[in-house]
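Asker: Mind looking over this structure? Questions follow.
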Amino acid sequence: MADDPNAWWREGVLYQVYPRSFMDADGDGVGDLRGVIDRLEHLQWLGVRGIWLSPVTVSPNADFGYDCANYRDVDPSLGTLSDLDELIADATRRGIRILLDIVPNHTSIDHAWFKESRTSRDNPKRDWFVWADPSADGGPPNNWVSTFGGPAWTLDATTGQYYLHNFLPEQPDLNWWNEEVRDAFDDIIRYWFDRGVAGFRVDVAHMMVKDAELRDNPPATSEDSFMDQMRGQLPLYNSCRPEVHDVHRRWRTIAESYSPPRLFVGETFVGKVEDVLAFYGDGDAFQLNFNIPFAECPLEATALRTTIELTESIIPVGCTPVWTGSNHDLSRFPTRWAGGDPLLARCALMMLLTLRGTCFLYEGDEIGMVDTEITREQVLDPVGIKFFPYAGRDPERTPMQWSGEPGGGFTAGAAEPWLPFGDLSCNVADQRHESDSMLSLCRDVISLREALPDLRAGAYVSLDSPTDVLAYRRGERIVVAINLGTEPEAVEGIRGEIRCCTDRSRDGEKIEGVLSLAPSTAAIVLLAR
């Protein structure tokens with residue numbers, strides 16, 4: 001386990017569970033908390049240190065849990081508070097911590113707070129949300145657009161004002177300038193910490209605080225990101241406001257008041273590495289923040305090396321980078337990075353598990369699950385409904401493939417799964433007993449990471465290598481080399497033993513000065529003393 005028990009996450013591998021798609025224990029076609037309990041053995045066997053659960057709190061599911069109607073209870077479709085308590089206890093016995101997803105930027109339109117807020121302009125909860133008068137022409141108060149498309153404002157006929165929603169109209173934004181809102185979330189956080197939760201992944205952590213003056217966003221230019229160009233504006237005033245860091249530091253203080261300290265992981269969905277690393281503060285804000293610019297790199301050695309080196313060079317001293325390739329909002333890395341090529345997917349997995357810092361795997365990454373083709377009739381994601389076939393998150397949210405049997409090992413019930421299965425020939429049961437499978441590779445690298453201090457915690461240093469090879473040293477004695485090209489390549493000056501290779505027939509091979517790599521091959525070498 002971790003060298004510092006108070007920072008168990010620092011060099012560990014954590015695992016995201018999307019509960020609706022992980023395991024269905026009651027046969028209704030939707031995954032649930034009992035299903036997560038039933039599959040803890042797999043996660044213990046794999047060697048992960050923690051589980052991040054996508055939202056399990058009460059929700060009408062306009063955005064599948066990310067529209068919260070009650071922050072202190074479990075959605076009945078997923079189970080009960082007792083189920084969650086049992087999950088925390090069972091996971092703890094196995095040496096696994098549980099992180100919950102918390103959604104502080106907005107609530108559900110069905111949350112009691114918002115229901116009160118919209119009853120009248122003088123309701124005590126009115127200022128808990130962002131309300132504003134129409135502009136002079138009767139339209140929205142400013143030009144902000146929703147992340148999901150369209151205006152970020154909806155007119156409420158009852159009171160004649162607009163409310164802000166940076167996502168769906170069913171997701172009204174909270175007003176984080178209101179001290180009562182901050183106090184309420186302090187209490188929510190402590191409530192879950194007191195139940196044994198080890199920490200939170202904080203949804204859209206960068207967007208919580210909005211410009212107090214509600215100023216118009218400037219137009220995007222051809223130099224700006226694709227998403228900003230799609231929106232037509234830079235989210236200057238409804239995202240990444242400097243005051244948000246005050247909230248994060250406040251939460252970190254709460255985390256540090258517990259023993260051991262609790263963990264906060266920021267979903268910092270921003271376009272530049274520099275913007276991500278600002279969310280670490282001076283080591284006094286969130287301990288971990290997702291490096292989305294890295295995940296959105298192409299699987300090319302030069303681009304990856306540049307982003308990794310930039311991250312390593314500017315991350316605050318003592319802080320920990322985060323590496324991930326997939327999640328419930330991002331196309332799976334075996335599809336997005338590897339284009340469905342299983343050899344490239346193995347290389348990408350080895351990279352994720354051997355960089356310095358914390359690695360997050362998404363359910364199915366360990367077996368190389370690819371995105372599932374979704375027809376228009378099968379689309380459930382509100383983004384997909386609006387933008388099909390150009391965008392949508394259903395393809396990466398389909399059920400975990402536990403076996404090749406009917407029901408995929410995901411459900412034993414007669415009900416169809418809430419989303420369709422992918423190719424069930426890619427499954428846990430078959431791969432678990434194959435020594436050269438993606439699953440065995442994943443487990444073996446995690447085990448090696450735990451066994452070798454240099455691989456777990458050693459410094460990162462880029463090494464000279466051919467253009468298509470990403471090569472780096474970890475600590476004093478570990479070298480990782482990944483050939484992402486289409487031709488054989490060689491890295492010189494390497495003497496030692498291959499401890500793990502994506503071509504498992506090379507495990508244990510002695511290297512006497514030149515490490516040769518076939519295309520789409522990666523190796524971990526323990527250098528000779």
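Asker: Relative contact order for the chain: what percent, with Cα pairs under 8 Å and sequence separation of 6 or more? Mind showing how you got there, number by number?
Answerer: Values: 1165 pairs, mean separation 65.4, N = 529.
Answer for the chain is 12 percent.
Asker: Once label points are set 7 Å from the Cα along Cα→Cβ at both R121 and R72, what is their separation, rounded to one decimal in nm?
Answerer: 3.2
Asker: Sort out for me the Cα centre separation of the stretch 223-260 from the stretch 367-427, rounded to whole Å.
Answerer: Centre-to-centre distance over Cα atoms comes out at 31 Å.
Asker: R506: net charge of surrounding residues, Cβ under 12 Å, Lys/Arg +1, Asp/Glu -1, itself excluded? Provide the component values of the computation, followed by the final result.
Answerer: On the way: positive: R499, R504, K510; negative: D436, E497, D503, D507, E509.
That sum, taken over residues with Cβ under 12 Å, equals -2.
Asker: Order these by the 10 Å Cβ neighbour count, fewest first: S313, S440, S222.
Answerer: Numbers: S313 9, S440 16, S222 5.
Result, fewest neighbours first: S222, S313, S440.
Asker: Please compute the contact order of the stretch 112-164 in relative form: average sequence separation of alpha-carbon pairs under 8 Å and at least six residues apart, divided by the residue count, as a percent. Could you put the intermediate results ahead of the total?
Answerer: Numbers: 77 pairs, mean separation 17.2, N = 53.
In percent, rounded to a whole number, it is 32.
Asker: Pairs to check: K115/K210; K125/K272; K115/K386. Give those whose C-alpha atoms are more than 32 Å from each other in this structure.
Answerer: Working: K115/K210 21 Å; K125/K272 36 Å; K115/K386 26 Å.
Distance filter (> 32 Å) returns K125/K272.
Asker: Also: Shape verdict for the chain, please, from the Cα gyration tensor: rounded (a/c under 1.5), prolate (a/b greater than b/c) or oblate.
Answerer: Numbers: a/c = 1.72, a/b = 1.52, b/c = 1.13.
Prolate.
Asker: Just want the ordering: E180, E363, from fewest to most Cβ atoms lying within 10 Å of their own Cβ.
Answerer: Working: E180 12, E363 29.
Final ranking by Cβ density, sparse to dense: E180, E363.
Asker: Taking the Cα centre of the chain as origin and charging only Cβ (+1 Lys, Arg; -1 Asp, Glu), how large is the dipole, in debye to the nearest 20?
Answerer: Numbers: 49 positive and 83 negative charges, 208 e Å.
Dipole size: approximately 1000 debye.
Asker: With a 10 Å Cβ neighbour count serving as the proxy for reagent exposure, in which order, fewest first, do Y460, Y280 appear?
Answerer: Details: Y460 18, Y280 24.
Listed from fewest to most nearby Cβ atoms, that is Y460, Y280.
Rule-based calculations on the coordinates, nothing more; no lab input. Fair warning: this is a prediction, and the values are worked out from it, not measured in the lab. Here Cβ is always computed from backbone atoms with ideal geometry, including for glycine, and neighbour counts include all displayed protein chains.
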